[in-house]
1. Going by how many other Cβ atoms sit within 10 Å of their own, how do 239, 278 line up, fewest first?
2. So between residue 35 and residue 73, what do we pick up on full extension, going 0.36 nm a residue minus the alpha carbon distance?
3. At 7 Å along Cα-to-Cβ for each site, give me the label-to-label distance between residue 332 and residue 14 in nm.
4. Just rank 298, 100, fewest to most, by other beta-carbon atoms within 10 angstrom.
5. So how much slack lies between residue 125 and residue 84, counting 0.36 nm per residue of separation and subtracting their Cα-Cα distance, in nm?
6. Let me know the volume per residue of the alpha-carbon convex hull for the stretch 3-186, in Å³.
7. How big is D for the chain, in µm² s⁻¹ as a whole number, if Stokes-Einstein is applied with the Kirkwood radius of its Cα pairs at 4 °C and 1.567 mPa s?
8. Taking a temperature of 20 °C and a viscosity of 1.002 mPa s, what whole-number D in µm²/s does Stokes-Einstein yield for the stretch 230-344 with Rh from Kirkwood over alpha carbon pairs?
Amino acid sequence: MGFSEVLGHEAVKQILKGAYLAGRVHHAYLFVGPEGVGKELLAFQLIKLLNCHEPRGGGMGDAAALDCCDTCTACRKINDDAESFRDGDPKDGGSSRFSDLMALAPVGRFIKIEAVREVIKRLPYSPVEGRTKCVLMRDADNLHPAAANSLLKTLEEPPTETLFVLVSSNPHVMLPTILSRCQPVRFGGLKPADITRYLVERADLSPVAARPIAAMATGSIGRAVELLNHPVVLKRVTWLREMNALCSAPDHERLAMAESLAADKQHVPVYLDLLRSWLRDQLLVIEGLNDESLSNVDLAAEARVAAGATDRFALMDKLARVETAERGLLGNSNLQLTLDWLLLRL
């Protein structure tokens, strides 16, 4: 896998490859963004590019065409390390197949000081297999305070031929002194169309089955994968039809549905995501978009009927209420009362 096979983040790719071509790769990057959007995957691509024996393209400063060869010894070893790191749980000082790569992740709650000290001890030596010694830290916001402090001097005065990539979804909890020594690279969520394509190509779903999951994934491939066999998603069509019928149901049936949802407490966020997608589909119908724009495209005919019984202002009000309910639950509002309030006002 090279840069070209990583979904989305074209601006980030351009920045990193442009820095490589200009010989201005920073010694320490902080990759920041939501979980599951590809931060770590692109970190490995940058590490490969810096150590690839025969990079492809890039002539005349063409960053878009530049990529790793993906066939040399360094690329193959780093690919193996990326797969092991994704699937495993590093226990030591970041040992890898590619000897110039040190990849750290939290063990328990923290990245421990012992692991960081081992990395610092290895950095002064020249690269063995590649051109650049690379340190990748997953969930860098979980650096133990002592480990973070031990890293400061190395980040401020790094050995030559060294790259740090710190990956975080919560940079606000990191030490300001760490943040100030890293160049931030910001990642947004992926487009639903990109996630749909991923699910079709990698999870062997049909576009119709993939689109609702992509809409609920909030821009995250990781979230989409989690939803593939989620019990709420598996009964999506039945549940949305129940919710659609609820809009004309008496209050006691609405309260019964709220009680049923509250009993399935751990899945309430997914139910609310699904409800949002259904209300949004109706809004898109009213705005004149075609069926291909809908998240629940297999329920397009029912979405048109439901949209015909309401208007855009009512739907926007309902969407706002779903968001209010979500915020309330994040703030520890009473689950049952919040769901009662929401369903009585749909």
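No lab work stands behind these numbers, since they all come straight from the coordinates. The structure displayed is predicted, hence computed values, not measured ones. Please note: Cβ atoms are built from the backbone with ideal geometry, for glycine as well, and neighbour counts cover all protein chains shown.
1. In order of increasing Cβ crowding within 10 Å: 239, 278.
2. The residue 35-residue 73 span can extend by a further 10.7 nm.
3. 4.5
4. 298, 100
5. Details: separation 41, 0.36 × 41 = 14.76 nm, distance 2.47 nm.
Residue separation times 0.36 nm, minus the Cα-Cα distance, leaves 12.3 nm.
6. Numbers: hull volume 19.7 nm³, N = 184.
Normalising the Cα hull of the stretch 3-186 by residue number yields 107 Å³.
7. Stokes-Einstein gives a translational diffusion coefficient of 57 µm²/s.
8. Working: Rh = 14.5 Å.
Translational D for this selection: 148 µm²/s.
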